[in-house]
Amino acid sequence: MDYDFIQALEAIARNKGIEQDILYDALEAGLLAAGRRRFGEHAIISSQVDLDEGKVLVWLTKKVVRRVKDHITEISQKDARYLAGNEVVIGDELDIEVETSEFGRSAAQTAKQVVMQRIREAERDTIFDEFKHREGTLINGIVQGDSAGGIVVDLGRTEGIMPYSERIPREQYRKGDRLKAFVLEVRKTNRSPQIILSRRHPGLVEQLFAQEIPEVADGTVEIAAIARDAGFRTKVAVRSTDPNVDAVGTCVGLRGYRIQSIVRELDQERVDLVLWDRDMLRFAKHSFNPVEVLRAEYDEANERVLVVVPDEKLSVAIGKGGRNIKLASRLVGVRIDVRSPEQYEEEKTALTAQEEQEEVVADLTCLPGVGESTAMNLFAAGFDGVEAVAAASAENLSQAKGVGPKTAEKLIRAAKKLLEEEGY
């Protein structure tokens, strides 16, 4: 092993981004494996890279004995004293240098295999550590082509894979195309690390904003929420940490230059900028910009926000296939329903009538023998409570479905008694 050989190994380490200490350890491990191949598994072998001398040293450790039974692990006192001096006594251990040229072709091949395996493992770990830190960030690559798992992308030191489920619909990729992708996940495998890329993930949009807009990168403008339908439309809610900075205007840029550069990178995907607001109803209104929202109210019973827009803007607010309203709901984090003024009034009227019916039915079921079904029939016949039943005649009351003359008289008596008890 000469100095030129060690320099060659160091060049390999530099090219593959491997620390030199790891390379030296690999070389030592390879020589140990070669030594065991040459001398047997029971041999006591050690090795060391001598950088000063520019060579690798290998030793066999032998025990000094009176009579040698195993020439691999033992040495006679006479031979030991010849090598190390007269101070050697029985029981000492002696390190005897072995020339690597003695290993033979088979042992040398074993050494090579061990060294290359260690180098591959070190390179794999180095690549994994490098890309693991890049999860959740943007990366540049060159399309290499298709595979069974997706689009293969050259990342320089290794390759990434973009599953077909993570590509932007309708976007075409040709060999040699340069693209930006979001590092979704880095997995450790028995071979090279598997780097999963995405062009569909909302994180791609967030990282593009940070790359194209300095105020986002330095935290002056924050992205509060993103809702994305990749390839079609994305809504981005932004807020400013500086009261003197307009979050939306900053992201749009002069003559729309900043936002347009992002749109181009997303293959003309529409990007709506929304001003984030702590108040849910104001935030819901903003999520439909530029459509004017006439009113927004929270329907607690149905856990939704009801938004009212002008008739002529209803289809725009809903969007093709309901895409706009779905994205707005995901952005705000609550179900949103859109209505025109007329639809809103009709729904309010229907809701008021339903609430009134529920109230009357609850009142009528206080009468003995009156269940929900009978109460509904009485309400349908125009009797809007216990007082109405008490004031009715048996003839009128028996007009209700399922109520005969005798039942009518009983209900009237029961209603009057109930009112007396309650002080009416």
- Query: Taking segment 267-313, which residues are assigned to a loop (DSSP other than H, G, I, E, B), of a type in the set (D, E, K, R) and surrounded by 14 or more Cβ atoms within 10 Å (Cβ to Cβ)?
  - Reply: ASP267, GLU269, ASP277
- Message: If I ask for residues that are among the aliphatic types (A, V, I, L, M) and crowded, with 17+ Cβ neighbours inside 10 Å, which ones from segment 335-380 would you list?
- Response: ILE336, VAL338, VAL360, VAL361, LEU364, LEU367, VAL370, ALA375, MET376, LEU378
- Message: Looking at LYS401, LYS320, can you tell me which residue is outside the structural domain of LYS416 (by TED's automatic domain parsing) and among the charged types (D, E, K, R)?
- Response: LYS320
- Message: Exactly one condition in (1) at pLDDT 85 or above; (2) assigned by TED's automatic domain parsing to the domain that holds LYS416; (3) out of contact with any Asp or Glu (no Cβ under 7 Å at 6 or more places or on another chain); (4) not aliphatic (A, V, I, L, M) is false for GLU303; which is it?
- Response: (2)
- By residue number, the members of segment 313-350 that are touching a residue at least 24 places away in the same chain (Cβ under 8 Å), over 12 Å from ALA227 (Cα atoms) and under 28 Å from the mean Cα position of the chain (by Cα) are GLY319, VAL334, ARG335, ILE336
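Can you tell me which residues in segment 61-88 are assigned to a strand (DSSP E or B) and touching a Gly at 6+ places or on another chain (Cβ under 9 Å)? Before the answer, list the steps.
Within segment 61-88, the subset assigned to a strand (DSSP E or B) is 61-65, 74-76.
Those that are assigned to a strand (DSSP E or B) and touching a Gly at 6+ places or on another chain (Cβ under 9 Å): LYS63, VAL64, VAL65.
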- Task: Assess whether THR250 counts as being of a type in the set (S, T, N, Q), in a helix (DSSP H, G or I) and buried (at least 16 other Cβ atoms within 10 Å of the Cβ).
- Result: yes
- Message: Scan segment 167-178 and tell me whether some residue there is in a strand (DSSP E or B), touching a Lys or Arg at 6+ places or on another chain (Cβ under 9 Å), buried (at least 16 other Cβ atoms within 10 Å of the Cβ) and at pLDDT 90 or above.
- Response: no
- Task: Only residues in segment 70-98 that are of a type in the set (Phe, Trp, Tyr) count as the first member; pair them with residues that are part of a helix (DSSP H, G or I), Cβ under 8 angstrom, at least 6 apart or cross-chain, and list the lot.
- Result: none
- Task: May I ask you to list pairs of residues, at least six apart or on different chains, whose Cβ atoms are under 7 Å apart, with the first in segment 202-218 being of a type in the set (Asp, Glu) and the second being surrounded by fewer than 18 Cβ atoms within 10 Å (Cβ to Cβ) and outside any helix (DSSP H, G or I)?
- Result: GLU215/VAL245
- Message: I'd like to verify a number: residues in segment 181-201 that are charged (D, E, K, R) and either under 13 Å from the mean Cα position of the chain (by Cα) or modelled with pLDDT of 95 or more (or both), how many?
- Response: 3
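The values are calculated or read from the model by the stated rules, or taken from the named source; none is laboratory data. If you're wondering where the values come from, they're calculated on a predicted model, not measured in any experiment. When we count neighbours, we look across all protein chains shown, and the Cβ atoms used for this are built from the backbone with ideal geometry, even at glycine.
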